[in-house]
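The values are calculated or read from the model by the stated rules, or taken from the named source; none is laboratory data. Worth saying up front: this structure is predicted, and the values here are computed from it rather than measured. For neighbour counting, all protein chains shown are included, and Cβ atoms are generated from backbone atoms with ideal geometry for every residue, glycine included.
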Amino acid sequence: MDHLRSPASRTVLTLGLLSGAFILFTGAVGMIAAFHEREVVDRFISLGQLTLLAAPFVTAYYSASRLREYGGDLRNVLIAGAGVGLLTALPSITLLLFNSDEFRVLLFLTLRLAPIVAASAIAWGRHRAGAETQTVIGIWLLVAILVGIVTYSFALIFEIKGDLRTVLVNIDRDWVEVITFENRNDLMRGIGTFGFVSVASGLAGSVLYLMPTVPRRALIYGLGITTLIGAFGETARLILQENVDRDTLREIFRRDTLRQNAALALFVISTAAGFLWALYGRQARERFGSIGAAPRRTLNRVGLVIFVAFMLMLPWLIGRTLSDVAVTIGIFVLMGLGLNIAIGLAGLLDLGYVTNYAVGAYFLAVLTSIGPLGLFKGTFTFWMVIPIALLAAMFAGFIFAVPVLRMRGDYLAIATLGFGEIIGKLAISDWLKPLIGGAQGVQAIPKPLLLGTELKNPEQLYYIVLVACLFCLFVSIRLNNSRTGRQWMAIREDEDVATAMGIDTARAKLLAFTLSAATGGVAGAIFAAKVGTVFPNSFTVFISINVLSLIIVGGIASNPGIVVGAIVLIGMPELLREFSEFRFLLYGALLILMMIKRPQGLIPSKIVSHEHSSGIKAKLAAAE
Amino acid sequence: MALLEVNDIHTYYGNIHALKGVSFEVDAGEIIALIGSNGAGKTTTLRTISGLMAPREGSVSYDGEEISRTRADLLVSKGISMVPEGRGVFAKLTIEENLDMGAYVRRGGDLKDDLKDAYALFPRLEERRKQFAGTLSGGEQQMLAIARALMSKPRLLLLDEPSMGLAPVLVDGVFETVQRIASEGVTILLVEQNAHMALQIADRGYVLQSGEIAISDTAANLQQNETVQKTYLGID
């Protein structure tokens, strides 16, 4: 019993049960069964099975790294790997037993005995700690009654309904089918297979950790890339579709699934590449680090040219569907860069950013529409309205900034949130219906014309967004190092002190809100032209929240961070489409994970990263 | 004529009557100490003079001009500079950027010489000019706050509790610096709880008590004053 209390075995227990809970939970919400429909490698492994394998594998790998910290030897690590595998399977196996016809009695026994066992355990613990007999008996009774109420009512429900399935609707045949690895009819064999696979996969995880660095890293690359491409088969196929002829494509994919040979080839190639990188990567990086300033500048320039060429060719590389996603991402990059002026530079938490987006979209819609609501029936073109939408959004930003100038922090956030709501209500109101169509919105917005060609495909619209983004990026970078940018940062740090430096804070804040609104207007106008119709329900508070989140996920006040944040936040739900109805569950989980692992953002600005890396050091220095 | 003339100002925090008719004056070239206990209204007085708060009654005149209704940011270009309480350095800007911010009101012009002056006054800052101000120690932050305030080339420097939270060794250094700045012709209004140190370097002093000036005299006399000795200098 005592060696179970060591920190090492505790780690194994906690991690193993965590991954077991994960498998149980994903099963209970129906994810495992749903993922089984989707094959990662054709007729070999499904996404559901991959989840069952990956959980013990990853957990065992991680627990092996923790065990090494505690000084565990080879044997310990291997036992821990097997243990993690077993623990991962355990909760689901228990549920499997409880759910089966033969062993349903176990469920009732557990429910009946649970209060007594729990009460005795707690009371025994108290007794050992030296409590008086009376107290111990009191505690025993109390716990037994409390737990009893819960378990007996559960037992009651099950007896009435007769089945676990009526409570846990997703614990159905499909789930059993996946979790027993297609041994649904022979329960014992199914449990055995599941347990064996889980333990083996846990062992494999710890063996991987014990390998020497080079093959280990090569295998991690190989496995990672193969599973990623397999899991996101649809996206991978869409990209390949543009660049590979149909027959080759059919060799690689069966519908959206990697074929076995292709998967094997992919695994071999990526492992080999990983092997080479693990062997020579460091050397290459060192050699790159040691080259002189002049050749490095040329290299940087070459890199820039390649990057620009890549950005220009992107729509032809990724095809129509993904170009459409790229345009949406670009629209959000625009908004992110704009909102960052208010939030990142000036520290003004603006939650009503959707206002500017809506103003831009409606201005473009009403001025260019050739439908019944169009005011000018085509006199105005897209290109003429873009500057108008920009100015209109700036004006809106200015107007809304005036009443909130004196507010700070949370109060400002709530007030701006209110403005966002006002715009939403105005757009849908009867009052403005003659002008902007109320709930029906404005239709028949023509696509932009360029030199006589209509830019109607996402591949073409992409270039408009690209130019707008590059321009905003340029302005944003210049602002960062300007006197104006500096004055915003001073306000963000301390408004009173900024005033004491001679900064007219009211003017600076107005400027921040106004400039911040500008890109929102352009983004809205491009959005309206892209979709061709404008509805009020496109302009909800979720737009504001999305823009705010992409700034935080990417890295506050960091321009590259905002671009990456938009790609991840807007692009991810599109990629996760393959996980059907669990898309937003996964999306939420990934966001939480990201904020735990990288609270400073994916590409933090120098200030924020500095704070995170040396915050403690700085505090120590200040304390001296 | 006095450089700064505070005439019967009444300042409120909402309904709280914080300053109940404070009057005093500061002549050009003087070091004036404003001493008093916690909550006596010292910081409020400074905030009122610097324009961060507006008095409900009374007037403040600077160089013969009425400034009690003038916005704080405009006063900086008129030559009034403040070192706020708790230093208020911009933690996420570097030291040099902080100094740049100090010269915000001086559009254009070359800052190199002024930076050189600042670093001559505080060599410690030059060693760390690319560091974030938040990484400095308390004493260094105080130096930075003073250097930053000087970057606007003020005629009148308002110092709010420069000794707060500093080790005794550092306090001496700060007051020496203040004296040095004064010797270069900058008029100084110093708010301090550390009455002992403040009165040593000041020419004249005012004792502020619950929002009113209780005693005013030369610094030397104040040091001998029985009430001051008892209440603020801890001498029985």
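General observations
- Given (1) under 27 Å from B:Thr135 (Cβ atoms); (2) hydrophobic (A, V, I, L, M, F, W, C); (3) in contact with a Gly (Cβ under 7 Å, 6 or more places away or on another chain), number of the condition A:Phe539 does not satisfy: (1)
- Residue that is nearest to the other protein chains (Cβ to nearest Cβ), among those in the range B:131-143 that are outside any helix (DSSP H, G or I) and closer than 17 Å to A:Ala490 by Cα: B:Phe132
- Some residue of the range A:211-220 being crowded, with 17+ Cβ neighbours inside 10 Å, among the charged types (D, E, K, R), not assigned by TED's automatic domain parsing to the domain that holds A:Asn76 and not in a helix (DSSP H, G or I): no
- Yes/no for B:Ala182 being among the small types (Gly, Ala, Ser), assigned to a helix (DSSP H, G or I) and buried (at least 21 other Cβ atoms within 10 Å of the Cβ): no
- Applying the criterion of being among the small types (Gly, Ala, Ser) and in a strand (DSSP E or B) to the residues of the range B:199-236, the residue that is surrounded by the most Cβ atoms within 10 Å (Cβ to Cβ) is B:Gly205.
- Identity of the residue in the range A:490-514, in a loop (DSSP other than H, G, I, E, B) and either touching a strand residue (DSSP E or B) at 6+ places or on another chain (Cβ under 8 Å) or without any contact (Cβ under 8 Å) to a residue 12 or more places away in the chain (or both), that ends up nearest to the other protein chains (Cβ to nearest Cβ): A:Gly502
- Where B:Asp8 falls short, out of the listed (1) within 11 Å of chain A (Cβ to nearest Cβ); (2) surrounded by fewer than 16 Cβ atoms within 10 Å (Cβ to Cβ); (3) not basic (Lys, Arg): (1)
- Here A:Phe158 qualifies as in contact with a Phe, Trp or Tyr (Cβ under 9 Å, 6 or more places away or on another chain) and in contact (Cβ under 8 Å) with a residue 24 or more places away in the chain.
- B:Leu34 fulfils the conditions (1) assigned to a strand (DSSP E or B); (2) surrounded by fewer than 24 Cβ atoms within 10 Å (Cβ to Cβ) except for a single criterion, (2).
- Considered as a group, the residues in the range B:148-177 that are part of a helix (DSSP H, G or I) and within 13 Å of chain A (Cβ to nearest Cβ) include one that is surrounded by the most Cβ atoms within 10 Å (Cβ to Cβ), and that residue is B:Arg148.
- Output for the range A:223-267, where each listed residue is assigned to a loop (DSSP other than H, G, I, E, B), crowded, with 17+ Cβ neighbours inside 10 Å and hydrophobic (A, V, I, L, M, F, W, C): A:Phe232
- Of the helices (runs of 4 or more DSSP H) contained entirely in the range A:1-72, those carrying at least 2 residues that are within 24 Å of A:Arg216 (Cα to Cα), in contact (Cβ under 8 Å) with a residue 40 or more places away in the chain and β-branched (Val, Ile, Thr) fall at A:7-28, A:47-69.
- On the stretch given as the range A:161-195, residues that are in a helix (DSSP H, G or I) and touching a residue at least 40 places away in the same chain (Cβ under 8 Å) total 13.
- Some residue of the range B:48-61 being more than 13 Å from chain A (Cβ to nearest Cβ), in contact with a helix residue (DSSP H, G or I) (Cβ under 6 Å, 6 or more places away or on another chain), touching a residue at least 60 places away in the same chain (Cβ under 8 Å) and farther than 15 Å from A:Gly502 by Cβ: no
- Taking the range B:63-127 as the region of interest, the helices (runs of 4 or more DSSP H) fully inside it that hold 2 or more residues being modelled with pLDDT under 85 and more than 10 Å from chain A (Cβ to nearest Cβ) are B:112-121.
- Residues being modelled with pLDDT under 90 and facing chain B (nearest Cβ under 8 Å) - total across the range A:472-488: 2
- Filter result for A:Leu78 (outside the structural domain of A:Ile220 (by TED's automatic domain parsing), surrounded by fewer than 23 Cβ atoms within 10 Å (Cβ to Cβ) and under 14 Å from A:Ile191 (Cβ atoms)): no
- Taken together, A:Ile122, A:Ile139, A:Ile93 contain a single residue that is β-branched (Val, Ile, Thr), closer than 22 Å to A:Gly16 by Cβ and surrounded by 15 or more Cβ atoms within 10 Å (Cβ to Cβ), which is A:Ile93.
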